[in-house]
Amino acid sequence: MSRTAEAPSTVVVVGSLNVDLVVGLDRMPNQGESVLGDTFERHAGGKGLNQAIAAARLGAEVQLLGAVGDDDSGAWLRALVRADNVDDTFVATVPGPSGTALIEVDARGLNRIIVVPGANGHVSAATVSANIRAMSGVGVVMTNGEVPLAVSRAALAAGRAIGALTMLNPAPVLDYREHLVDVDILVPNEHEAAALSGLPTQSDAEARAAAEYFYAQGIPNVVITRGARGATWASAAGIVDVDTFEVAAIDTVAAGDAFCGGLAAALANGYAFADALEWASAAGALAVTIKGASPSLPTRAAIEGLLGKGTITPPVAG
Ligand code: ADP
């Protein structure tokens, strides 16, 4: 495990903050029908929030850029990210509702989801660009598709301009072709990689070929995450199969966000890419052992436990 002696640097996350409203019910209502639900839960979510908290729980300094609405949910989301030591200075409050996901889960475990972007749709590309360009000491700028394409595009360009590593988690699948010129690290899951490349990604050989496809487009590091099968990494050093940790999976929600946050936190703190991938894999594995999104994002202590205490230096000097 090697890391440079440089001081830890900041992880900038540009992305969404959502409130997930989850109803558990016996069966879905038909058109025009009312049914009684059994359970109701409110969770914090959104890829921006999850990835920012994931990196912060590993000890990274994290700046989150995005927007919440001027409603109760906005205040609640802001308080939650602050409680996890995420700096919300550049999370704007805009008129209207916060991003909201309405999730119905029936007795068979089947779901229906409506996502209302709300404030996430009002993040300003110009403001994000100006804020990032005014920052110093940034190691990684990470973004995703849950904010307008112009915003993720501006975040990557600004990150490149200030000399940070730029990372794109291309979820949901959108047309990111104009983004790629400013991407240092592309992290799709196998479904996103298949949709974006038009190639199959099921087998090991197929995942390698898909990673090579993106690498051939000039992206220096491509990491395709493959759930319990680990990840496939393409770079100038060739193609590497990244092992996963064997855990008892309970709920796979936010595994990818934990992985991205772990990768960014480790890279911002000077780890070599292969070592940062080990941290990311441990973070992803631990996230599937606990139900929910943000509650499942692991702490540095939990990762040290999985990796074996004393055998690894944490990504942030303690
Ligand atoms: P997403 O949540 O975006 O679909 P994945 O399911 O590919 O992402 O998970 C991201 C990473 O988390 C994987 O590459 C792997 O390292 C880890 N992971 C996910 N599921 C498991 C699992 N069941 N066991 C161990 N590690 C897992």
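The values are calculated or read from the model by the stated rules, or taken from the named source; none is laboratory data. Because the structure is predicted, anything quoted here is derived from the model rather than measured. FYI the Cβ positions are ideal-geometry reconstructions off the backbone, even for glycines, and counts take in every protein chain you see.
Some points to look at:
- The residue of region 281-308 that is farthest from the ligand (Cβ to nearest atom), among those that are free of Cβ contacts under 8 Å to residues at least 24 places away in the same chain and crowded, with 16+ Cβ neighbours inside 10 Å, is E304.
- Set side by side, the residues D257, D251, D241 differ, and just one is farther than 22 Å from V141 by Cβ and modelled with pLDDT of 95 or more, which is D241.
- Qualifying residue in region 272-279 (condition: acidic (D, E), at pLDDT below 95 and closer than 29 Å to L77 by Cβ): no
- Scanning region 206-254 for residues that are over 21 Å from the mean Cα position of the chain (by Cα) and either surrounded by 23 or more Cβ atoms within 10 Å (Cβ to Cβ) or within 9 Å of the ligand (Cβ to nearest atom) (or both) yields a total of 2.
- Applying the set (1) touching a residue at least 24 places away in the same chain (Cβ under 8 Å); (2) within 16 Å of the ligand (Cβ to nearest atom) to Q202 leaves exactly one unmet item: (1).
- Members of region 182-237 found to be small (G, A, S) and part of a helix (DSSP H, G or I), listed by number: A193, A194, A195, S197, A205, A207, A209, A210, A211, G227, A228
- Where L277 falls short, out of the listed (1) under 23 Å from G163 (Cα atoms); (2) touching a helix residue (DSSP H, G or I) at 6+ places or on another chain (Cβ under 6 Å): (2)
- Tally of residues being small (G, A, S), within 9 Å of the ligand (Cβ to nearest atom), in contact (Cβ under 8 Å) with a residue 40 or more places away in the chain and touching a strand residue (DSSP E or B) at 6+ places or on another chain (Cβ under 8 Å) across region 255-279: 1
- If you go through region 172-188 and keep only what is within 13 Å of the ligand (Cβ to nearest atom) and surrounded by fewer than 20 Cβ atoms within 10 Å (Cβ to Cβ), you end up with P172, V173.
- Matching residues, region 255-270, being farther than 16 Å from I224 by Cα and crowded, with 24+ Cβ neighbours inside 10 Å: A265, A266, L267, A268, N269
- Taken together, G163, G261 contain a single residue that is out of contact with any helix residue (DSSP H, G or I) (no Cβ under 9 Å at 6 or more places or on another chain) and either among the charged types (D, E, K, R) or within 20 Å of V13 (Cα to Cα) (or both), which is G163.
- Qualifying residue in region 38-49 (condition: of a type in the set (D, E) and surrounded by fewer than 21 Cβ atoms within 10 Å (Cβ to Cβ)): yes
- Residue within region 67-77 that is more than 20 Å from A164 (Cα to Cα) and either among the hydroxyl-bearing types (S, T, Y) or in contact with a His (Cβ under 8 Å, 6 or more places away or on another chain) (or both) present: yes
- Checked against (1) surrounded by fewer than 17 Cβ atoms within 10 Å (Cβ to Cβ); (2) in contact (Cβ under 8 Å) with a residue 60 or more places away in the chain, R108 passes all but a single condition, namely (2).
- Scanning region 189-199 for residues that are among the hydrophobic types (A, V, I, L, M, F, W, C) and away from the ligand (no atom under 15 Å from the Cβ) gives a single hit, L199.
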